[in-house]
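Encoded as C-alpha cells, the structure appears first; notes follow it.
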Amino acid sequence: MHISEGVLSGPVLLTGGALAAAGTAVGLKKLDYERLPRAGLLAAAFFVASLVHVPIGPASVHLILNGIVGLMLGWGAFPAIVVALVLQGVLFQYGGLTTLGVNTLIMAAPAVVCYYLFGPLVHRRRPVAIAAAFACGFASTLLGAGVAGAALMFTEENFLEVTLLLISTHVPIMVIEGLITVFCVAFLLKVQPELLPGFKMTLDEAATGKDIHDT
C-alpha cells in the first residue's frame, strides 16, 4: 500500500507529513521503555511482511500487519511503522522519502483506530475475542486502503478508478490479515495475555469477583 513518489500533490504530501509527525510525537510520548523491545520486534515484522509486494498503479499490494501492530502498541504504532518505512525507502526504494508522511498515515492511523475499536474486546469470551481479532486485521487494511484512496483523490479526481481498484485488490489481503491477527491474538492470549490491551482491566474485574467472560 505504499504510494510512490511523484504521484501526490504538494498539499497532500504536506498534510500527510504533518499528521504523521503529530502521530509519531504522540506515539513516542506514550511508548515507555518497557515496550521498546516490543516496538522494535513489531517494526521488524512489519518491515519484512511488506517487502513482498505487487505493484497496482501508483501503489502496491502486500501484507501490512498493522492490525496486530496497533493492538500491541496503540499510538506506538506510529514510530514503529515510520522507522520501518524509512528503512524500506532508503534500502529498497519502496514508497520513497517524500511520501513517507502519507504512507505512515496510511498504515499507522488505522492501527490506532483499531486499537481503540477492538482492543477492549480481545480479553472477552473466546468467540468475541476471535471475532474482534479478525475484524481488527480486516478493518485495519480496509481503512488503510481508504486513506490511500483519499490521498490519491485529493491529488486528482481522475484517480477514482485507481482508488476503487486499490481497495478491491486488497480484499484478499484483508481476509489474510484478519486470519493472521486471529492467530497472533489466540497465541498471545495463551502465553502472554498482558501484551494485549485491556489486560489490567480484566485483572481488576477478577479482583472484584466479576466474571469477565459474562461481558
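Screening His123 on (1) more than 18 Å from His62 (Cβ to Cβ); (2) at pLDDT below 85 shows it passes everything except condition (2).
Taken over segment 123-163, the residue count meeting the criterion of being without any contact (Cβ under 8 Å) to a residue 40 or more places away in the chain and polar (S, T, N, Q) is 2.
Residues checked against (1) modelled with pLDDT of 90 or more; (2) over 23 Å from Val113 (Cβ atoms):
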{"residue": "Leu143", "(1), (2)": "yes, no"}
{"residue": "Ala151", "(1), (2)": "no, no"}
{"residue": "Phe154", "(1), (2)": "no, no"}
{"residue": "Leu164", "(1), (2)": "no, no"}
{"residue": "Gly178", "(1), (2)": "yes, no"}
{"residue": "Lys190", "(1), (2)": "yes, yes"}
{"residue": "Lys200", "(1), (2)": "no, no"}
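When restricted to residues that are surrounded by 13 or more Cβ atoms within 10 Å (Cβ to Cβ) and in a helix (DSSP H, G or I), segment 1-18 contains 6.
The values are calculated or read from the model by the stated rules, or taken from the named source; none is laboratory data. Predicted model only: the values in this text are computed from it and were never measured. Note: ideal-geometry Cβ built from the backbone for every residue, glycine included; neighbour counts use all protein chains shown.
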